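Below you'll find the structure, written out as structure tokens, and then a few comments.
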Amino acid sequence: MGLTVEARAPEMLFVGRALAGVMCGIAASLPPFYMAEVMPRHLVGHVMVGNMLCVMSGVLIMGIISINEILATSELWPGITAASGVVCVVQLILLPWVVESPSFLLFVKNKEDSALKALQKLRGTMNVQVELSDMKAFSAHKKTQVTVLRLLTTRSHLRSVILMVGSFVCSFFTGIVIVAFYSVSVLKSAGLSERVARYMTPAFVVVGVSVSIILLFFVARLRRRVMMLGGLAGMLVAEVVLTIALWYQDQVTWLSTVAVVCVFMIALFHAAGPAQVPWILLPEIFDAEARGAASSIGVTVMNASSFVMTYVFPMLQEYSGAYSILLFVGTSTFFFVFIFFLQPETVGRFAKEKEETEYTVEGQQERTRL
């Protein structure tokens, strides 16, 4: 915020931030996993993009109210944390009305009647027998629930685990910290005033929100591999140009504008690829019995990557200046090669899985009649 204040109880501020960080990690993992279970399979891609849209919208709102003229003052700064508390209270009030996952009720609790009622509420119709028959058929043929340890030690899951871990590491190791956390310091080093740099930060988030809205309409038809490779290629080019702009900005004044454009491009291409694809990919490369464990691993890796880059980049920037961006040039290149050779095309995977679970005679007869 660019604001220095004296907290009356700094130890409570530290404890509060630590608890908030832990809870944010938990809250970040559950919604995508829950939505992947309860949504119709052909809508899972849209829902994952919608999840990221909500995350970016929240970041945008907090970025706006953190502007000096709004709440970032010595008197009003506690209102920033209070705003997050209000959201938590609203969620706690609404959570009792959230429908339990039909898959969880059927597979784990073995409560068919409860699963039927939950499915009827979610679909808004009583005619869900075909979908329930498919779920029961899959339950009869499914393997034992996969734990985190088993997922990490089973050879058949090895490639999927490597791809998932690489995708989540990629989302934070390829330059998004420039936009999300340190855009002010980067733009100041490019010659912009601190005031202008701070006003630019919410604008970068607006780019991510806009891209997510556009993807909502096209994600079902977009190839995951192309999204990832295209996003990484765009970020790589922007990072190379940004490095050059930071090197020579003292000699050429208009390179400050080039630096701003490059940060915008990093935000755009990240939102179009590395920010979205890991969440879309996770339910497409893991079977239903492994998705819970895979989600836990993915979120842990994502948070660890965020922690590492959040603390490493300021040190690199302090000691190497413009050369610090070269780190992301290297990581973007590495992950482009990684994705090119390891990531298969997974669009339509859910449709294939659904066909493989259509075992019931009742379901087949119903589809023939329709």
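Taking the residues in segment 309-322 that are surrounded by fewer than 16 Cβ atoms within 10 Å (Cβ to Cβ) and in contact (Cβ under 8 Å) with a residue 24 or more places away in the chain as candidates, determine which candidate is nearest to Leu222 (Cα to Cα).
Thr310
Which of the helices (runs of 4 or more DSSP H) found entirely inside segment 188-298 contain at least 1 residues meeting this: more than 24 Å from the chain's Cα centre (by Cα) and of a type outside the set (D, E, K, R)? Give the derivation first.
On the way: elements: 194-218, 224-248, 255-272, 277-285.
Hits in segment 188-298: 194-218, 224-248, 255-272.
Looking at segment 203-218, is at least one residue of a type in the set (A, V, I, L, M, F, W, C) and out of contact with any helix residue (DSSP H, G or I) (no Cβ under 9 Å at 6 or more places or on another chain)?
Within segment 203-218, the subset of a type in the set (A, V, I, L, M, F, W, C) is 203-207, 209, 211, 213-218.
Right, trim to out of contact with any helix residue (DSSP H, G or I) (no Cβ under 9 Å at 6 or more places or on another chain) and you get 218.
Yes; the residues of segment 203-218 include at least one that is of a type in the set (A, V, I, L, M, F, W, C) and out of contact with any helix residue (DSSP H, G or I) (no Cβ under 9 Å at 6 or more places or on another chain).
Pull up segment 113-133, narrow it to residues that are in contact with a helix residue (DSSP H, G or I) (Cβ under 6 Å, 6 or more places away or on another chain) and not aliphatic (A, V, I, L, M), then point me to the one that is least open to solvent (accessible area, probe 1.4 Å).
The qualifying residue least open to solvent (accessible area, probe 1.4 Å) is Ser133.
Quick check on this structure: which one of Val211, Val226, Val252 is more than 15 Å from Leu326 (Cα to Cα), among the hydrophobic types (A, V, I, L, M, F, W, C), exposed (fewer than 15 other Cβ atoms within 10 Å of the Cβ) and modelled with pLDDT of 90 or more? First the steps, then the outcome.
Values: Val211 fails: exposed (fewer than 15 other Cβ atoms within 10 Å of the Cβ); Val252 fails: modelled with pLDDT of 90 or more.
Being more than 15 Å from Leu326 (Cα to Cα), among the hydrophobic types (A, V, I, L, M, F, W, C), exposed (fewer than 15 other Cβ atoms within 10 Å of the Cβ) and modelled with pLDDT of 90 or more holds for just one of Val211, Val226, Val252, which is Val226.
Count, please, the residues in segment 324-350 that happen to be assigned to a helix (DSSP H, G or I) and either modelled with pLDDT under 85 or hydrophobic (A, V, I, L, M, F, W, C) (or both). Give the steps one after another, and end with the answer.
Applying the first criterion (assigned to a helix (DSSP H, G or I)) to segment 324-350 yields 324-342, 349-350.
Cutting the leftovers down to either modelled with pLDDT under 85 or hydrophobic (A, V, I, L, M, F, W, C) (or both) gives us 325-329, 334-342, 349-350.
Summing the residues that are assigned to a helix (DSSP H, G or I) and either modelled with pLDDT under 85 or hydrophobic (A, V, I, L, M, F, W, C) (or both) in segment 324-350 gives 16.
Taking only segment 273-289 into account, find how many residues are buried (at least 22 other Cβ atoms within 10 Å of the Cβ) and within 20 Å of Leu106 (Cα to Cα).
2
Residue by residue through segment 196-232, note down the ones that are under 19 Å from Leu60 (Cβ atoms) and not aliphatic (A, V, I, L, M). Give the steps one after another, and end with the answer.
Filtering segment 196-232 down to residues under 19 Å from Leu60 (Cβ atoms) leaves 196-216.
Arg198, Tyr199, Thr201, Pro202, Phe204, Gly208, Ser210, Ser212, listed by residue number.
The values are calculated or read from the model by the stated rules, or taken from the named source; none is laboratory data. What you see is a predicted model, and the numbers here were worked out from it, not measured in a lab. Please note: Cβ atoms are built from the backbone with ideal geometry, for glycine as well, and neighbour counts cover all protein chains shown. For accessibility, only protein heavy atoms count, side chains too; no ligands or nucleic acids. Shrake-Rupley method; radii C 1.70, N 1.55, O 1.52, S 1.80 Å.
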